[in-house]
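None of the figures in this text is laboratory data; all of them are computed from the coordinates on show. These figures come from a predicted structure and were not determined experimentally. Quick reminder, even Gly has a Cβ in these numbers, built from the backbone with ideal geometry, and neighbours come from all protein chains shown.
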Amino acid sequence: MSNFIIDAKAISLRYPKEAVYALNSVSLTVETGSFFGLLGPNGSGKTTLISILCGLLAATAGHARVCGYDCKRQISAIKPLIGLAPQKIALYPSLTLYENLMLFASLYTLTSLQIKQQIEKCLQIVELETQAYKKIYTFSGGMMRRANLAASLLHNPKLLFLDEPTSQVDAHARNMIFKSLQIINASGVTIIYTSHYLEEIETLCTKTAILKQGKIIATDSITELKRQHPDKTSFAEIYLSLTES
């Protein structure tokens, strides 16, 4: 049995009326249990790739398997196994955090007791137990990000997609999110993580893929990428040299 929770081969996608492919023959494997980083400039194809792997978009060409299932033909089997915390906060601002989590948990095949237990567990992971009955619109940016993360964990996913989960948060909130993610990954959940903060990828990820103009131009551990570029003094310098126009 394959140890790859994601196995994508020659994935391409071109949006209607666009001359250039958003993704151009992207092949990628991700090992089960890993913390995998996706890097690339704006428009490089990171969010498009995640959308295809989550079943939100259909690839123009190529195929992918996620959690052992085909993304095109078996997406209904994949969706219960994955979680997604999108870049945009996906919560109802006029509801409390607890009400939001109750609403989202009700979409899964969970009993009332399981919903209660899962909400308590997720609140503990993101350290928002004391904020559960406050409305989302009163939250700081960092609290919203952590609440967004909690909502993606309610059904115990095997694979978690995080699209810039620390965007526009301060250093303290970022550190709390880091702690939560390390707990989640240590429990066996595979994490796919996109960010523009290179130090986050270097700190958290066991392996990374770098995209540019719809193509993967490098994929390896940070240590190996540094070994491959001995003339560069830092990972940031390697990334910038690979992605500059």
Going by a ≥ b ≥ c, the root eigenvalues of the Cα gyration tensor, does the chain fall in the rounded group (a/c under 1.5), the prolate group (a/b larger than b/c) or the oblate group? prolate
With +1 on each Lys and Arg Cβ and -1 on each Asp and Glu Cβ, how big is the dipole of region 14-132 about its Cα centre, in debye rounded to the nearest 20? 480 debye
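Give the residue list of GluC sites (Glu not before Pro) in region 167-212 that are DSSP loop and have at most 14 other beta-carbon atoms within 10 angstrom.
Passing both the DSSP loop test and the Cβ count: no residue.
Go through K17/K226; K46/K232; K9/K226; K17/K207; K116/K207; K17/K212 and tell me which ones have a Cα-Cα distance over 31 Å in this structure.
Among K17/K226; K46/K232; K9/K226; K17/K207; K116/K207; K17/K212, the Cα-Cα distance tops 31 Å for K17/K226; K17/K207; K116/K207.
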What is the magnitude of the charge dipole of the chain about its Cα centre, with +1 placed on the Cβ of each Lys and Arg, -1 on the Cβ of each Asp and Glu, and no other charges, expressed in debye to the nearest 20? 600 debye
Apply the Kirkwood formula to region 187-245: the hydrodynamic radius equals the inverse of the mean of 1/r over all pairs of different alpha-carbon atoms; give it in Å with one decimal. 12.2 Å
Extension gain from E31 to S94, taking 0.36 nm per residue of separation minus the Cα-Cα distance: 18.8 nm
Region 1-128 shape via C-alpha gyration tensor axes, a/c threshold 1.5: prolate
Tell me, what is the FRET efficiency for K17 and Y108 to the nearest 0.05, using R0 = 35 angstrom and their Cβ-Cβ distance as r? 0.45
Centroid-to-centroid separation of region 178-245 and region 131-154 [C-alpha atoms, Å]: 27 Å
Let me see the pair-distance distribution of region 99-245: every alpha carbon pair, 10 Å bin width, integer percents in order. 10, 35, 30, 17, 8, 1
Rounded to the nearest 500, what is the chain's calculated 222 nm mean residue ellipticity when only DSSP H runs of at least 4 contribute -39500 (n - 2.57) each, over all residues? -10000 deg cm²/dmol
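Considering only DSSP states other than H, G, I, E and B, which trypsin sites (Lys or Arg not before Pro) in region 53-107 qualify as loop sites with at most 16 other Cβ atoms within 10 Å?
For trypsin sites (Lys or Arg not before Pro) across region 53-107 that sit outside H, G, I, E and B with at most 16 neighbouring Cβ atoms in 10 Å, the list reads K72, R73, K88.
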The chain: most fluctuating residue of S25, S221, S187 per GNM, C-alpha cutoff 10 Å: S187
